[in-house]
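Scroll down for the structure; my scribbles are underneath it.
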Amino acid sequence: MKSHNSVAVRLASTDPKERADGYSALSSTYHSIYGTVYAQLMAIFRPKWLVWLSPVRIALWCVTWLPLGAWCYLRALPLSNKIVRLIGYDGMTADFCDIRQSILRRRGQYMEAFACIRIGLKKDSIKAHTRGLLHIGLAEIYKKYGNLPGAGIEICAAIDAAGEAEKENPRQAARIYRHCVKILDFFLGESFPGNQLRRRARALLQEVGAKDQLLKIR
């Protein structure tokens, strides 16, 4: 509701760019909530000594988090599509492209996500954390298709960008590290590089008190 109220003026504007900004902010909120809903589901099976309560916790999740997650999942992409109709990819900022590519990947639209990332990386004045997230998007696509060398190159680029972003935006830097860990674990299992990034992500998130993001680190 706070997100809706904060973008209400922008959504009512006659300026396409302002309306696109409102739709991007709202789609990002829905996308983020959906990710938290999934993290809550995974948290049900941790710690191990509480696994015996899993059936009860899953039932509670189904009547609390699941309806919210389903709603957010269904709303994020249509809102993102409105941005493309309003201003096209040429009018989108790198941040808009990052939000959109993440939503597209979540919906399995990898080819459009790939094109969206390439467009985003060519934008002017791109922030370090945004660049890192776009490289993570490419790494996730390469992971989907089993391309270890491609994923490795993009992970290295993402880690470099995250290092630049740590001071200005530690929360987003931690998010980049967290995604790098997931990809490294997929290809290499639990490894030394992955564990180092996992610890760094935890430290950054604890510094900023981002409990919702801590839930997403396995």
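General remarks:
- Considering ILE58, ILE103, the condition of being touching a residue at least 12 places away in the same chain (Cβ under 8 Å) and over 18 Å from the mean Cα position of the chain (by Cα) is satisfied by ILE58 alone.
- Leading residue by the ranking (surrounded by the most Cβ atoms within 10 Å (Cβ to Cβ)) among those in segment 28-72 that are of a type in the set (A, V, I, L, M, F, W, C) and outside any helix (DSSP H, G or I): ILE44
- The C-beta contact set for segment 20-47 (first residue closer than 21 Å to ASP98 by Cβ, second residue buried (at least 20 other Cβ atoms within 10 Å of the Cβ) and of a type in the set (Lys, Arg), distance under 6 angstrom, 6+ apart or interchain) comprises ALA39/LYS216.
- From the list GLY88, GLY137, the lone residue that is under 24 Å from GLY194 (Cα atoms) and assigned to a helix (DSSP H, G or I) is GLY137.
- Residue match in segment 189-211 (condition: assigned by TED's automatic domain parsing to the domain that holds CYS156, touching a residue at least 24 places away in the same chain (Cβ under 8 Å), closer than 19 Å to HIS31 by Cα and of a type outside the set (S, T, N, Q)): yes
- GLY108 fulfils the conditions (1) within 17 Å of the chain's Cα centre (by Cα); (2) touching a residue at least 12 places away in the same chain (Cβ under 8 Å); (3) surrounded by fewer than 18 Cβ atoms within 10 Å (Cβ to Cβ) except for a single criterion, (2).
- Filter result for ARG105 (of a type in the set (Lys, Arg), closer than 13 Å to ALA157 by Cβ and not assigned by TED's automatic domain parsing to the domain that holds VAL37): no
The values are calculated or read from the model by the stated rules, or taken from the named source; none is laboratory data. These numbers come from a predicted model, not from an experiment. Cβ atoms come from the backbone with ideal geometry, glycine included; neighbour counts cover every protein chain shown.
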